Amino acid sequence: MKLQQIRNATVIIDYAGKRFLVDPMLSPKGAFPAFPGTVNDHLSNPLVELPIPMEEVVDVDAVIVTHTHEDHWDETATRQIPKNKPLFAQNERDAEAIRAAGFTDVRLLGDDVEFEGVTLTKTAGQHGSDAIMASPAGELLGEVCGVVFRHPREKTAYLAGDTVWNQHVADSLAQYQPGIAILNAGDARIPNLGSIIMGKEDVYAVHKAAPQATLIATHMESVNHATLSRAELRAFAAEKGMAEQLLVPEDGETCVL
């Protein structure tokens with residue numbers, strides 16, 4: 001298995017001979033406004049350019065969209081990804097939106113969906129604390145998902161998606177016992193409400209719950225509301241004694257797992 005960090009939550013996962021593009025945010029630097037009501041909303045997104053050519057990003061076997069927020073599925077992705085590419089969505093609402101953009105092979109994630117020998121299983125997540133989800137922001141944050149990848153020749157890989165540490169994550173770790181856990185760990189924040197994806201303490205909670213897993217931190221240093229830097233996360237991992245279990249790739253970097 002290989003994982004290439006592209007930018008933000010956009011990664012390419014090479015798994016059992018298949019290439020999956022996850023959560024493509026493909027716009028040029030500064031192409032769309034900050035998310036209103038979040039921290040640093042004077043900045044435009046994305047904060048950085050793509051690290052590799054577009055043709056390399058879209059040269060994959062299938063695409064997975066965990067949810068359709070603009071930093072996971074943007075207008076440039078709808079133009080640059082071939083319309084006949086197999087694409088997996090979390091629910092029928094997202095699938096309909098993707099079909100409306102012209103995509104012809106849109107499939108739903110669920111329990112043990114097969115793609116050319118790879119088993120994809122949808123997992124639950126929560127895009128913020130219970131208090132955030134109960135606030136007016138919760139409706140905008142909406143439903144999200146993660147994905148478990150399985151194949152007899154590979155370690156089980158769990159991509160948690162846009163979620164904070166909670167019972168959904170704990171249950172997925174306990175059920176699937178992944179060898180790899182991919183975590184959106186940039187600690188994106190809404191002022192006065194808190195984190196809407198994992199921060200460093202959430203990453204540590206995952207490590208304690210799944211000490212056997214190699215953790216990979218993504219969704220960092222690319223959008224206005226991300227507050228946790230790679231340097232801070234690496235220092236925290238060293239302090240907590242989990243540096244050897246945590247990979248924090250730079251944009252464009254490939255992890256061989």
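Scan the helices (runs of 4 or more DSSP H) fully inside segment 59-166 and keep the ones with 3 or more residues being more than 26 Å from ALA31 (Cβ to Cβ).
Fully inside segment 59-166 and qualifying: 130-134.
Given (1) surrounded by 21 or more Cβ atoms within 10 Å (Cβ to Cβ); (2) more than 16 Å from the chain's Cα centre (by Cα); (3) on the phi > 0 side of the Ramachandran plot, where does GLY37 come up short, assuming only one miss?
Here GLY37 clears every test but (1).
Within segment 20-32, take every residue that is surrounded by fewer than 20 Cβ atoms within 10 Å (Cβ to Cβ) and out of contact with any strand residue (DSSP E or B) (no Cβ under 6 Å at 6 or more places or on another chain) and give me the one that is nearest to VAL57 (Cα to Cα).
Restricting to residues being surrounded by fewer than 20 Cβ atoms within 10 Å (Cβ to Cβ) and out of contact with any strand residue (DSSP E or B) (no Cβ under 6 Å at 6 or more places or on another chain), the top hit is PRO28.
Taking segment 223-235, which residues are closer than 20 Å to GLY194 by Cβ, surrounded by fewer than 22 Cβ atoms within 10 Å (Cβ to Cβ) and in contact with an Asp or Glu (Cβ under 8 Å, 6 or more places away or on another chain)?
If the condition is that a residue be closer than 20 Å to GLY194 by Cβ, surrounded by fewer than 22 Cβ atoms within 10 Å (Cβ to Cβ) and in contact with an Asp or Glu (Cβ under 8 Å, 6 or more places away or on another chain), then ASN224, THR227, SER229 are the ones that fit.
Any residue in segment 227-240 that is within 18 Å of ARG7 (Cβ to Cβ) sitting within a Cβ distance under 9 Å of a residue that is among the acidic types (Asp, Glu)? List the pairs, counting only those 6 or more apart or interchain.
As it stands, the answer is THR227/ASP187; LEU228/ASP187; LEU228/GLU221; SER229/GLU221; ARG230/GLU221; ARG230/GLU250; LEU233/ASP187, since those pairs meet every condition given.
Which of the residues that make up segment 204-234 are in contact with a strand residue (DSSP E or B) (Cβ under 7 Å, 6 or more places away or on another chain), farther than 30 Å from SER44 by Cα and not small (Gly, Ala, Ser)?
Pass one, segment 204-234, residues in contact with a strand residue (DSSP E or B) (Cβ under 7 Å, 6 or more places away or on another chain): 206-207, 210, 213-219, 222-225, 227, 233.
In the following step, the residues that additionally are farther than 30 Å from SER44 by Cα were identified as 206-207, 210, 213-214.
Passing the criteria: VAL206, HIS207, THR214.
Pairs, please: C-beta under 7 Å, at least 6 apart or cross-chain, first residue over 21 Å from THR119 (Cβ atoms) and in segment 83-109, second basic (Lys, Arg)?
That search, which allows pairs on different chains as well, returns GLY102/LYS83; PHE103/LYS83; THR104/LYS83.
Counting just the residues of segment 158-197 that are more than 16 Å from THR66 (Cα to Cα) and among the hydrophobic types (A, V, I, L, M, F, W, C), which one comes out surrounded by the fewest Cβ atoms within 10 Å (Cβ to Cβ)?
ALA174
Results for (1) in contact with a His (Cβ under 7 Å, 6 or more places away or on another chain); (2) buried (at least 22 other Cβ atoms within 10 Å of the Cβ); (3) farther than 24 Å from ALA185 by Cα, shown as yes or no for each residue.
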| position | (1), (2), (3) |
| --- | --- |
| HIS72 | no, yes, no |
| GLN80 | no, no, yes |
| PHE88 | no, yes, no |
| ARG93 | no, no, yes |
| ALA101 | no, no, yes |
| GLU116 | no, no, yes |
| GLN126 | yes, yes, no |
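Kindly list, by first and then second residue, each pair from a residue in segment 182-203 that is over 22 Å from ASP41 (Cα atoms) to a residue that is of a type outside the set (A, V, I, L, M, F, W, C) and assigned to a strand (DSSP E or B), limited to pairs with Cβ atoms under 8 Å and residues at least 6 apart or on different chains.
ILE182/TYR158; ILE182/THR218; LEU183/THR218; ASP202/SER195
In this structure, is ALA77 under 20 Å from ILE182 (Cα atoms), of a type in the set (Gly, Ala, Ser) and within 17 Å of the chain's Cα centre (by Cα)?
So ALA77 does not fit the description; no.
From the list GLU201, GLU221, exactly one residue is outside any loop (DSSP other than H, G, I, E, B), acidic (Asp, Glu) and modelled with pLDDT of 95 or more. Which is it?
On inspection, the qualifying residue turns out to be GLU201.
Give me a count of the residues in segment 65-114 that are within 21 Å of TYR15 (Cα to Cα) and touching a Pro at 6+ places or on another chain (Cβ under 9 Å).
6
The values are calculated or read from the model by the stated rules, or taken from the named source; none is laboratory data. The structure presented is a predicted model; accordingly, all values stated were derived computationally and were not measured. For neighbour counting, all protein chains shown are included, and Cβ atoms are generated from backbone atoms with ideal geometry for every residue, glycine included.
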